[in-house]
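Read-outs: derived from the displayed coordinates by stated rules, not from any lab. Quantities reported herein were computed from a predicted structural model and do not represent experimental measurements. Cβ placement follows ideal geometry from the backbone for every residue including glycine, while neighbour counts extend to all protein chains displayed.
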Amino acid sequence: MKIPTTLKHKPVIVSENYENVDGRYAYNSDAKGLSLGLAQWNDRGRVDISAKVWRYTGEKWSRQSEELPLHRVLDLAILVCRALQYFREAYRYEKLYDPEKPVIDRVGLQGDAMTVAVCTDNEKIDEDIKLFRQALSNDDELIGERLRTLSRILKEMGY
């Protein structure tokens with residue numbers, strides 16, 4: 001299925017077969033494509049690049065398609081990696097976290113730091129964190145494959 005090029009997001013680099021590789025939803029996904037392109041929120045004289053997940057309901061392109069600035073895509077990748085790293089050692093805590101010290105890390109970015117923490121404001125955190133850990137475990141092969149691929153590409157780029 002071809003990603004639309006007549007909408008406000010202007011695709012430049014695309015993956016139009018994303019539905020075939022969308023993790024556990026592969027071959028049965030409403031996420032039909034990914035694109036990197038010119039952001040839909042661009043104003044005259046200002047150009048931002050965004051990443052977009054294109055979702056299709058079976059009848060039309062969905063309003064639930066997501067568009068994110070590239071730095072947010074990378075920030076999400078950082079958050080995922082830090083969470084995975086945390087859960088390798090979380091078994092040491094009775095509740096999988098320390099209620100007295102819910103902050104996992106502060107990742108330095110642009111002169112400040114992105115705080116990574118267990119969400120203790122979630123009233124069901126003790127239950128939800130166990131479900132989260134189990135879901136990470138269930139998807140370990142899918143996530144690991146993508147991280148290895150990302151690592152290889154980053155190394156090829158000199159990072």
Original post:
For the range 1-88, which GluC sites (Glu not before Pro) are both in a DSSP coil and crowded by at most 15 other Cβ atoms within 10 Å?
Top reply: Glu16, Glu59
Original post:
How would you classify the range 71-156 from its alpha-carbon gyration tensor, with a ≥ b ≥ c the square roots of the eigenvalues: rounded for a/c under 1.5, else prolate if a/b is greater than b/c, otherwise oblate?
Top reply: oblate
Original post:
With +1 on each Lys and Arg Cβ and -1 on each Asp and Glu Cβ, how big is the dipole of the range 10-64 about its Cα centre, in debye rounded to the nearest 20?
Top reply: 200 debye
Original post:
Any idea what the relative contact order of the range 10-64 is, in percent, if you count C-alpha pairs under 8 Å spaced at least 6 apart?
Top reply: 30 percent
**OP:** Return the long-range amide H neighbours of Asp105 (sequence gap of 5 or more, or a different chain), with a cut-off of under 5 Å between placed amide H atoms.
**Re:** Val116
Subject >> Charged-residue dipole, Cβ positions (Lys, Arg, Asp, Glu), the chain about Cα centre, Debye nearest 20 >> reply: 640 debye
**OP:** Restrict the search to the range 1-53; then list the trypsin sites (Lys or Arg not before Pro) that DSSP places in a loop and that have at most 12 other Cβ atoms within 10 Å of their Cβ.
**Re:** Lys2, Lys8, Arg44, Arg46
Subject >> Mean separation of Cα contacts under 8 Å, 6 or more apart, over the residue count of the range 23-148: relative contact order % >> reply: 15 percent
Subject >> Cα centroid of the range 106-159 to Cα centroid of the range 56-101, whole Å >> reply: 6 Å
**OP:** Rank Leu7, Gly33, Tyr18 by how far each Cα sits towards the positive end of the charge dipole of the range 1-48 (+1 on Lys, Arg Cβ; -1 on Asp, Glu Cβ) and give me just the farthest.
**Re:** Leu7
Subject >> Lysine pairs within the chain, Cα separation less than 30 Å, 8 or more sequence positions apart or different chains >> reply: 20
Original post:
Among Val53, Ala113, Asn138, which residue has its Cα positioned farthest towards the positive end of the charge dipole of the range 41-151, with +1 placed on the Cβ of Lys and Arg, -1 on the Cβ of Asp and Glu, and the dipole taken about the Cα centre?
Top reply: Val53
